[in-house]
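The values are calculated or read from the model by the stated rules, or taken from the named source; none is laboratory data. This structure is a prediction, so every number in the text was calculated from the model and none was measured. What goes into the accessible areas is simple: the full protein's heavy atoms, side chains included, and nothing from ligands, DNA or RNA. Shrake-Rupley method; radii C 1.70, N 1.55, O 1.52, S 1.80 Å.
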Amino acid sequence: PRPLSAILPILENMGLTVLSEQPFSLPKSDLHIADFAVLLPDPAALDDDTTRQAFVGLLEQLLRDQAENDGFNRLVLLAGLDGRQIAVLRAYSRYLRQAGLPFSQAYVERCLAAHFPITRRLVDLFEALFAPRHDDTLASALIDELNMALLQVANPDDDRILSSLQTVIQATLRTNVYQPDADGRPKRYLSFKFSSRDIPFLPAPAPLYEIFVYSERVEGVHLRGARVARGGLRWSDRMEDFRTEVLGLVK
């Protein structure tokens, strides 16, 4: 049996309101069933087969500690994103925190949930640029669509968060998001190579390139001032601004 204190945050971070729980123990077995009554954020949220499969897949990952349990997971029901797409947004948001965006993760989560149609379009743009069957024409149309949608965002903080995400997506040169591991499964870590000088809000001096790595266990950044660069590994205790420490070493 799982303690309620472990299960409830998972369900609530996926956007569910938990109404009640009824536990069952199967006789002559070590199996247990927990039957939850929940309220969806939208009564029709799970009517779509793709969204329902994405919801179940993400729930399984969370229960196996294979994904982060946070408010980004609300996007599975709000925007119809799967666990991998949510992980991409989470990784970009973590990079923006390192790049100096002053907003907390909870604030970013609220913004993406409040503007979930734009969030969906940001993921569509990423896939149009980097999926194996990428579509440059679609990417160009999505950029124009996002630019128009951002003009309708009244809150300046929300506009800054969403436009910053669009900027770093467009400044991405390569990614491993679509590379399988040796067993043919998606890799557990995500990496992104940026053209740093195409990200205007980075603190000076901006390197030529940087590579950001994210997983639920570790994050890291590599800054390069030239096409060929030397460097070593360094562990940082500054979890929220280790890029600042690395930039200081580069300088």
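Sorting Arg234, Arg120 on solvent-accessible area from highest to lowest, probe radius 1.4 Å, gives Arg234, Arg120. Only protein heavy atoms count here; on that basis, with a 1.4 Å probe, Asp159 has an accessible area of about 50 Å². Estimated from helices alone, the mean residue ellipticity of the chain at 222 nm is -13500 deg cm²/dmol (sum of -39500 (n - 2.57) over DSSP H runs with n ≥ 4, per residue). On a 0 to 90° scale, report how tilted helix 49-63 is relative to the longest principal axis of the chain, with both axes built from alpha carbons and the result rounded to the nearest 10. For helix 49-63, the angle is close to 90 degrees. Scanning residues 5 or more positions from Leu81 or on other chains, those with amide H under 5 Å from its amide H are Val76, with H placed 1.01 Å from N in the peptide plane. Note down the relative contact order for the stretch 139-251 as a percent, whole number, built from C-alpha pairs under 8 angstrom at least six residues apart. Relative contact order for the stretch 139-251 comes out at 15 percent. For the chain, modelled as a GNM whose springs connect Cα atoms under 10 angstrom apart, the maximal fluctuation among Pro156, Pro207, Pro186 occurs at Pro156.
Between the helical axis of 4-13 and the longest alpha-carbon principal axis of the chain there is an angle of about 60 degrees. Structural descriptor for the chain: relative contact order 13 percent, calculated from alpha carbon pairs under 8 angstrom and at least 6 residues apart. Just to confirm the number: angle between the C-alpha axis of helix 116-130 and the first principal axis of the chain, 0 to 90 degrees, nearest 10? The two axes meet at around 60 degrees.
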